[in-house]
1. Residue farthest toward the positive end of the dipole of segment 175-230, with Cβ of Lys/Arg at +1 and Asp/Glu at -1: which of ILE213, PRO200, ASN175?
2. Can you work out the Karplus-derived ³J(HN,Hα) for every residue in segment 351-359? Use 6.51 cos²θ - 1.76 cosθ + 1.60 with θ = phi - 60°, whole Hz, and x for glycine or proline.
3. According to the Cα gyration tensor, what semi-axes, each the square root of 5 times an eigenvalue, does the equivalent ellipsoid of segment 184-401 have, listed from largest to smallest in whole Å?
4. For a quick check: with amide H placed at 1.01 Å from N, whose amide H comes under 5 Å from THR138's, ignoring anything fewer than 5 positions away on the same chain?
5. How long are the semi-axes of the equivalent ellipsoid of segment 268-360, taking √(5λ) for every eigenvalue λ of the Cα gyration tensor, in whole Å from largest down?
6. Output the pairs from LYS25/LYS129; LYS116/LYS314; LYS317/LYS354; LYS314/LYS354; LYS246/LYS277; LYS277/LYS351 with a Cα-Cα distance over 30 Å in this structure; if there are none, say none.
7. Using amide H atoms built 1.01 Å from N in the peptide plane, name the residues 5+ places from ILE7, or on other chains, whose amide H lies under 5 Å from its own.
8. If Lys and Arg each add +1 and Asp and Glu each add -1, what is the summed charge of the other residues whose beta carbon sits under 14 Å from the beta carbon of GLU264?
Amino acid sequence: MTGIIEITAPIEQEGTKAVVRNWLKQIGDHVREGDALVELETDKVTQEIPAPCDGILSEIAMEDGDDATPGAILGRMSIENANGVAAQATEAPLQIQPASSATGPAAAYYSPAVRKAAEEYGIDPASLKGSGRDGRVTRADMDHAREIAKPHASGPVSQRAEAAQTPPAVAADGNSRIVPHSAMRLSIARHMAHSLATAPQVTAIFEADFTAIMRHRESHKDRLKAEGVNLSYTAYFVAASVAAMKLVPEVNSQWHDDGLEIFEDINIGVGIALGDKGLVAPIIRQAQDLQLEAIAARLQDLTNRARSNALKGKELKGGTFTISNHGVSGSLVASPIIINQPQSAILGIGKLEKRVVVREVDGVDTIQIRPMAYVSMTIDHRSLDGHQTNAWLTEFVRILQSWPQ
């Protein structure tokens, strides 16, 4: 196609699967090179696909909900010449005629993925109520209709497809609504189910006194804040985890049928919640080489970019251990915190709260109020046993409670 440039999905996607989520430009819009055209949602992040050149968006080939495999054509652009006029293509952009039974603008276009599904499934997309933008039928709508239209269901295909658009019945005294799963939520669900099916998981729970790290943080947070660094408690958890790995290196491992792979580099993933979307665990690589302040700076950068959907795929891969600071949302204990396969263990930090504890002072038991939190570790029982788990947690707690001032 002379004068036509294809807009394609990245060859190296930041996740295992990409889905078209939102076109930011419309057909006919003039765009500049680098302008964001469309959002792709992977199981990890949402990324914007930029315009490859100056020109006019002439075709949208994939709509909301369509799977975008690496290199897939998302749309096409007409190149503008020096006078700002779009070059004419020798081949007209692909147009799809609406089915006779369809009405409205949403019916005027079906993406290649929808057309392919229509051929494979024998389902007329015009018979479906689309869940995409402006009511467009998406590949997910076709797949859902197919599930209902399988041979075990009764009635003609068209009737079964129509039934696929009808939510399941609910009790007369209640109402419900269907919220479609995002690619990230589906990925998390599959990953968690796979983890539980793969590894026998056991959780041990300890209690930690945060007095020492709170005092240290109070003494240093303003200085670091002036340097643009937020000294979070999570930075201390990462540093203490590194110290505990030196005592029990088997925790930083991966199970294989022929042996336990123990990693020299400690690449710690830290869970970051993204609201209703789910969570990600970007990696602090080679944490064994970082001091507390460097860990805090790395954490701040990863957290900021995670919440603005700016993480790169490589920053979410290659972790050897994970920390889940679930206490920030209020829970005292979470058990089990499911292991991030194929790692051998995951650390959980519960809510920090003041509790009454007994402390011995000069040989006398005293009652004191201390900032306490439950800390837990879930292990792959194939890789680790109880004595290793408890030894690791004992060292982790000791490091936190004896943090130098």
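Throughout, read-outs are computed from the coordinates displayed, never taken from laboratory work. Keep in mind that what you see is a predicted model, and the values were worked out from it rather than measured. A quick note on method: Cβ atoms are made from the backbone with ideal geometry, for glycine too, and the neighbour counts reach across all protein chains shown.
1. Result: ASN175.
2. Values per residue, Gly and Pro as x: 4, 7, 8, 6, 9, 7, 9, 9, 10 Hz.
3. Working: eigenvalues 145, 101, 56 Å².
Over the Cα atoms of segment 184-401, the ellipsoid semi-axes are 27, 23, 17 Å.
4. Long-range HN contacts for THR138: SER131, GLY132.
5. Numbers: eigenvalues 119, 54, 44 Å².
Square roots of five times the eigenvalues give 24, 16, 15 Å.
6. Working: LYS25/LYS129 24 Å; LYS116/LYS314 32 Å; LYS317/LYS354 36 Å; LYS314/LYS354 39 Å; LYS246/LYS277 35 Å; LYS277/LYS351 22 Å.
Distance filter (> 30 Å) returns LYS116/LYS314; LYS317/LYS354; LYS314/LYS354; LYS246/LYS277.
7. LEU74, GLY75, ARG76, MET77
8. Details: positive: LYS246, ARG285; negative: GLU250, GLU261, ASP265, ASP289.
Counting the neighbours of GLU264, the net charge comes to -2.
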